[in-house]
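Written below as structure tokens is the structure these notes are about.
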Ligand code: PMP
């Protein structure tokens, strides 16, 4: 990222393989080393302070210095630092967390299974879908449909469900039985003059055509993030999920809501599903479940799915799935404390109070010459950068425009995340209005600086 080749970064280059980087570039440039955090800020090893505009990887909902979470972990570590949930064992934090989650989740979701990451929760969902349909004696009903640009994780099944080609290339993915349908990005993929409603109808029709082509008896489930995060903060067009769910219901296809980013208030509702009238049969949760302080994820399922799991496990003599750290007491205790904080501090009211400032702040950039589209909902935002506003012409991918902006933002004390040509924002949910203004001001400076550099380059070239 920034070339600061001190001894720590030299050691990192010597010994580490990093996720989601160009490994060659990393070798040359090294890491930005983050040393500590406070509220919505993090500090690097040279003492520079940054607003964490993306809450680390979307998850640091309560910022970087919530002592109650630290104490919850410490207290649990002292009492019982580890224990498993295999073979009829349980610990109090796991029990309490399942109860709390089921109580706050949409009413049709009644049972929780725990894992350690979003990927594992989604992999569990893929396996549960198979198990469920085998229990119902529908051995052909196994295919899963996801969307282009969807992100569901990095493990073999979750990466297959993911709709990002780079996550498949050379890993010999996707696995068999995973299909991808249209990405609901109105800005990029609508026909000229097509309304959001008509675009949604067309996508639902395409989905139905795909199901019919494949044979509905072979299609088991549809995966969807309420708002697609890593794909570029893509907010579904109007009526999208109504249209899609009508098709799913017609062919008895399960809906899996991947709420790994949207869950716990990010969109201004406790779950993203509520914002769009989604009625999922399964839901995956992670990230803000523990404020990111401990790795933990959950899969919630409906009664009929749970009943099928019970039936099949009874028949087979056991449910052959689980992780050593499923419902680990330390992350579970931290997650319980996180959910208590959300409730006690009424995090939703806070989010709704500051959201207009965030929405207005980002929307002001819509008129900027480098900005093609601003998408924003709740405290989640994406600014799509274009070379030509009129034609929506993107920059040459080799120019890596969003990464250039990321670097300029760093210079101005702001961490953003480039997602293709989109600069994303998902600040800690505790951010206040003055901090939002500050974040926007820093982003604006970076954007203007790039625009000035480009203008200068054009003058020189011209
Ligand atoms: N689903 C979504 C929507 C995500 O954004 C992510 C991670 N960013 C995942 C799943 C995978 O989570 P993890 O990296 O914890 O495996």
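The values are calculated or read from the model by the stated rules, or taken from the named source; none is laboratory data. These numbers were taken from a predicted model, which means no experiment stands behind them. Neighbour counts are summed over all protein chains in view; Cβ atoms, including those assigned to glycine, are modelled from backbone coordinates with ideal geometry.
What to note about this one:
- Within the span defined as the range 60-67, one or more residues are within 16 Å of the ligand (Cβ to nearest atom) and either buried (at least 20 other Cβ atoms within 10 Å of the Cβ) or touching a residue at least 12 places away in the same chain (Cβ under 8 Å) (or both).
- Failed criterion for residue 432 (all others in (1) within 28 Å of residue 31 (Cβ to Cβ); (2) touching a helix residue (DSSP H, G or I) at 6+ places or on another chain (Cβ under 8 Å); (3) surrounded by fewer than 17 Cβ atoms within 10 Å (Cβ to Cβ) hold): (1)
- From 242, 252, residue being over 23 Å from the mean Cα position of the chain (by Cα), more than 19 Å from residue 163 (Cα to Cα) and either away from the ligand (no atom under 16 Å from the Cβ) or assigned to a helix (DSSP H, G or I) (or both): 252
- Exactly one residue out of 400, 387 is without any contact (Cβ under 8 Å) to a residue 24 or more places away in the chain, surrounded by 15 or more Cβ atoms within 10 Å (Cβ to Cβ) and within 15 Å of residue 368 (Cβ to Cβ), and it is 387.
- Count of the range 99-154 residues which are surrounded by fewer than 19 Cβ atoms within 10 Å (Cβ to Cβ) and within 16 Å of the ligand (Cβ to nearest atom): 4
- Flag for residue 225 being in contact with a strand residue (DSSP E or B) (Cβ under 7 Å, 6 or more places away or on another chain), without any contact (Cβ under 8 Å) to a residue 60 or more places away in the chain, under 28 Å from residue 183 (Cα atoms) and within 16 Å of the ligand (Cβ to nearest atom): no
- Taking the range 325-350 as the range and being free of Cβ contacts under 8 Å to residues at least 40 places away in the same chain and either surrounded by 18 or more Cβ atoms within 10 Å (Cβ to Cβ) or not in a helix (DSSP H, G or I) (or both) as the test, the residues that pass are 345, 346.
- Test: residue in the range 91-98 that is touching a residue at least 60 places away in the same chain (Cβ under 8 Å), exposed (fewer than 15 other Cβ atoms within 10 Å of the Cβ) and in a helix (DSSP H, G or I): yes
- Qualifying residue in the range 444-457 (condition: at pLDDT 95 or above and part of a loop (DSSP other than H, G, I, E, B)): no
- Residue check, residue 47 surrounded by 13 or more Cβ atoms within 10 Å (Cβ to Cβ), modelled with pLDDT of 95 or more and out of contact with any strand residue (DSSP E or B) (no Cβ under 7 Å at 6 or more places or on another chain): no
- Any chance residue 375 is outside any helix (DSSP H, G or I) and closer than 21 Å to residue 269 by Cβ: yes
- Tally, over the range 255-271, of residues that are away from the ligand (no atom under 16 Å from the Cβ) and on the phi > 0 side of the Ramachandran plot: 1
- Any hit, the range 184-202, residues being in contact (Cβ under 8 Å) with a residue 12 or more places away in the chain, part of a loop (DSSP other than H, G, I, E, B), under 18 Å from the mean Cα position of the chain (by Cα) and crowded, with 18+ Cβ neighbours inside 10 Å: yes
- Scanning the range 155-175 for residues that are within 16 Å of the ligand (Cβ to nearest atom) and part of a loop (DSSP other than H, G, I, E, B) yields 155, 162, 163, 164, 168, 171, 173, 174.
- Among residues of the range 110-119, those that are closer than 22 Å to residue 334 by Cβ and either over 18 Å from the mean Cα position of the chain (by Cα) or part of a strand (DSSP E or B) (or both), counted: 5
- Subset of the range 292-323 (residues that are more than 16 Å from the ligand (Cβ to nearest atom) and part of a loop (DSSP other than H, G, I, E, B)): 317, 318, 319, 320, 321, 322
- Tabulated pairs, the range 236-255, first crowded, with 21+ Cβ neighbours inside 10 Å, second at pLDDT below 95 and not in a helix (DSSP H, G or I), C-beta under 6 angstrom, 6+ apart or interchain: none
- Search result, residues across the range 411-439 that are more than 22 Å from the chain's Cα centre (by Cα), assigned to a helix (DSSP H, G or I) and touching a residue at least 40 places away in the same chain (Cβ under 8 Å): 433, 435, 437, 438
- Index of the failed condition, residue 451 passing every other in (1) touching a strand residue (DSSP E or B) at 6+ places or on another chain (Cβ under 9 Å); (2) in contact (Cβ under 8 Å) with a residue 24 or more places away in the chain: (1)
- Under the condition of being away from the ligand (no atom under 13 Å from the Cβ), assigned to a loop (DSSP other than H, G, I, E, B) and in contact (Cβ under 8 Å) with a residue 60 or more places away in the chain, the residues counted in the range 272-291 number 4.
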